[in-house]
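The values are calculated or read from the model by the stated rules, or taken from the named source; none is laboratory data. None of the values given here were measured: they were computed from a predicted structure. No Cβ is skipped: glycine too gets one built from the backbone with ideal geometry, and neighbour counts run over all protein chains shown. Just the protein is used for accessible areas: all its heavy atoms, side chains included, with ligands, DNA and RNA removed. Shrake-Rupley method; radii C 1.70, N 1.55, O 1.52, S 1.80 Å.
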Amino acid sequence: KAHNLYWFMVFGCFPLTFYSFFVYGTIIGLFFSVGGVYLLMKFKENYQIRYLAGSFVCFSMAVIAKSNYQIFVIGAVLVLLFHVLQEKKFRYLIAGAFLMVSLLSPQIINAYYAKVSGMEISKGVPASLFVAMGLQSGDKDNGCGASGWYNGYNRVTFETSGCDPEKADKIAKENISNRLGEFKANPLMATKFLGEKVVTQWSEPTFQIFWMPTVNDNHMEQSKIISSIVEGDINKILMKLIKIYVLMVWIGNLIYLIFNFRNMD
């Protein structure tokens, strides 16, 4: 029953269909992440090493496709640690340690290419630049008006610093410190900023599927139908349907929690 209801709900989730607008490692990484979770569940059922090995390969591929999917690996390891405490089975600890190695897959590939090419691969843009960018107000001129969204700061700052990770990191940390100082001096402004950041990131019902093709040059001519879907009359209809869909999911979750809260462990 739950399985059938799930597929019925997915059929009505239009963003999944139009997510192909993103030429990105997101869909590939999600595919392998789900595969890794599934095979790990199969391993827990019968403890066959082939399932654990398959889960490791899938998680490795997911992390290579997009680093964000490290969270799936970490989540899976945390679940295994929970079972170590619950069932007192040491094999889960070994399995968790084995899966953690998959997080090193991108570094292993870089090391291989560095050895073959004879050139050292740079560390690239430091993570602190992304943190600093996430604390900045939106840049409406750049098409990114929402608080804490991408505005090109990380790329520009990295290039300005001569592509030196250490210099860029120092600049980013100074910017972070200054911004936190502004938040401390004006808590109301900080609350408003963070509220807008959270809402635009997690409560936007289309998941940016229509925004992305309009803000970036896709190097292609769109047909009248595609243009209508992206920003025309069809878009208006889809937007209403998507908003209704999201509200149904939220309200359904709320109703479930209200009636089942006492029974949840």
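Which condition does ILE242 not pass, out of (1) touching a residue at least 60 places away in the same chain (Cβ under 8 Å); (2) open to solvent by less than 100 Å² (accessible area, probe 1.4 Å); (3) outside any helix (DSSP H, G or I), if it passes all the others?
Evaluating ILE242 over (1) touching a residue at least 60 places away in the same chain (Cβ under 8 Å); (2) open to solvent by less than 100 Å² (accessible area, probe 1.4 Å); (3) outside any helix (DSSP H, G or I) leaves (3) as the failure.
When you look at GLY124, is it in contact with a helix residue (DSSP H, G or I) (Cβ under 9 Å, 6 or more places away or on another chain) and not in a helix (DSSP H, G or I), yes or no?
Yes; evaluated as a whole, the condition is true for this residue.
Looking at the structure I just gave you, is LEU5 surrounded by 15 or more Cβ atoms within 10 Å (Cβ to Cβ) and out of contact with any Cys (no Cβ under 7 Å at 6 or more places or on another chain)? Spell out how you get there, then give the answer.
Working: surrounded by 15 or more Cβ atoms within 10 Å (Cβ to Cβ): no; out of contact with any Cys (no Cβ under 7 Å at 6 or more places or on another chain): yes.
Spelling it out, it is not the case that LEU5 is surrounded by 15 or more Cβ atoms within 10 Å (Cβ to Cβ) and out of contact with any Cys (no Cβ under 7 Å at 6 or more places or on another chain).
Could you identify the single residue in ILE74, ILE171 that is farther than 30 Å from LYS44 by Cα and at pLDDT 95 or above?
One residue alone meets the criteria, ILE171.
Among the residues of the range 255-265, write down those that are in a helix (DSSP H, G or I) and open to solvent by 100 Å² or more (accessible area, probe 1.4 Å).
Once the filter is applied, which keeps residues that are in a helix (DSSP H, G or I) and open to solvent by 100 Å² or more (accessible area, probe 1.4 Å), the range 255-265 yields TYR256, ILE258, PHE259, PHE261, ARG262, ASN263.
Could you say which residue among ILE209, ILE237, ILE226, ILE244 is within 19 Å of the chain's Cα centre (by Cα), of a type in the set (Val, Ile, Thr) and within 20 Å of THR17 (Cα to Cα)?
Exactly one of ILE209, ILE237, ILE226, ILE244 is within 19 Å of the chain's Cα centre (by Cα), of a type in the set (Val, Ile, Thr) and within 20 Å of THR17 (Cα to Cα), namely ILE209.
If a residue has to be among the aromatic types (Phe, Trp, Tyr) and over 22 Å from VAL10 (Cβ atoms) to count, how many in the range 242-265 make the cut?
2
Residue by residue, here is whether (1) in a helix (DSSP H, G or I); (2) modelled with pLDDT under 95; (3) open to solvent by 50 Å² or more (accessible area, probe 1.4 Å) holds:
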residue	(1), (2), (3)
PHE18	yes, yes, no
LEU30	yes, yes, yes
VAL34	yes, no, yes
LEU39	yes, no, no
GLY54	yes, no, no
CYS58	yes, no, no
VAL63	yes, no, no
ASN68	yes, yes, yes
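Would you please name the residue that is modelled with the lowest pLDDT, looking only at residues in the range 128-168 that are open to solvent by 70 Å² or more (accessible area, probe 1.4 Å) and of a type in the set (Asp, Glu)?
By that ranking, first place goes to ASP141.
Scan ALA190, ALA172, ALA168 and give me the residue that is among the aliphatic types (A, V, I, L, M), out of contact with any Phe, Trp or Tyr (no Cβ under 8 Å at 6 or more places or on another chain) and at negative phi.
Of ALA190, ALA172, ALA168, the one residue that is among the aliphatic types (A, V, I, L, M), out of contact with any Phe, Trp or Tyr (no Cβ under 8 Å at 6 or more places or on another chain) and at negative phi is ALA172.
Identify the residue in the range 1-16 that is closer than 23 Å to TRP211 by Cβ and part of a loop (DSSP other than H, G, I, E, B) and, among all such residues, is modelled with the lowest pLDDT.
GLY12
Quick test of your reading of the structure: ARG50 fulfils all but one of (1) exposed (fewer than 13 other Cβ atoms within 10 Å of the Cβ); (2) at pLDDT 90 or above; (3) closer than 30 Å to ALA127 by Cα. Name the failing condition by number.
Going through the list (1) exposed (fewer than 13 other Cβ atoms within 10 Å of the Cβ); (2) at pLDDT 90 or above; (3) closer than 30 Å to ALA127 by Cα, ARG50 breaks only (3).
Considering only the range 79-103, state which residues are open to solvent by 90 Å² or more (accessible area, probe 1.4 Å), among the hydrophobic types (A, V, I, L, M, F, W, C) and within 18 Å of ALA53 (Cα to Cα).
Step one: filter the range 79-103 for residues open to solvent by 90 Å² or more (accessible area, probe 1.4 Å), giving 82, 85-86, 88, 90-91, 94.
From the residues that got through so far, the ones that are among the hydrophobic types (A, V, I, L, M, F, W, C) too are 82, 85, 90, 94.
Hits for the range 79-103 are PHE90, ILE94.
Sort out which residues of the range 10-57 are in contact (Cβ under 8 Å) with a residue 12 or more places away in the chain and farther than 27 Å from ILE74 by Cβ, and write them in order of number.
GLY12, PHE14, PHE18, PHE21
Looking only at the range 104-127, which residues are open to solvent by 100 Å² or more (accessible area, probe 1.4 Å) and polar (S, T, N, Q)?
GLN107
Residues in the range 186-206: is at least one β-branched (Val, Ile, Thr), outside any helix (DSSP H, G or I) and open to solvent by less than 30 Å² (accessible area, probe 1.4 Å)?
For the range 186-206, residues β-branched (Val, Ile, Thr), outside any helix (DSSP H, G or I) and open to solvent by less than 30 Å² (accessible area, probe 1.4 Å): present.
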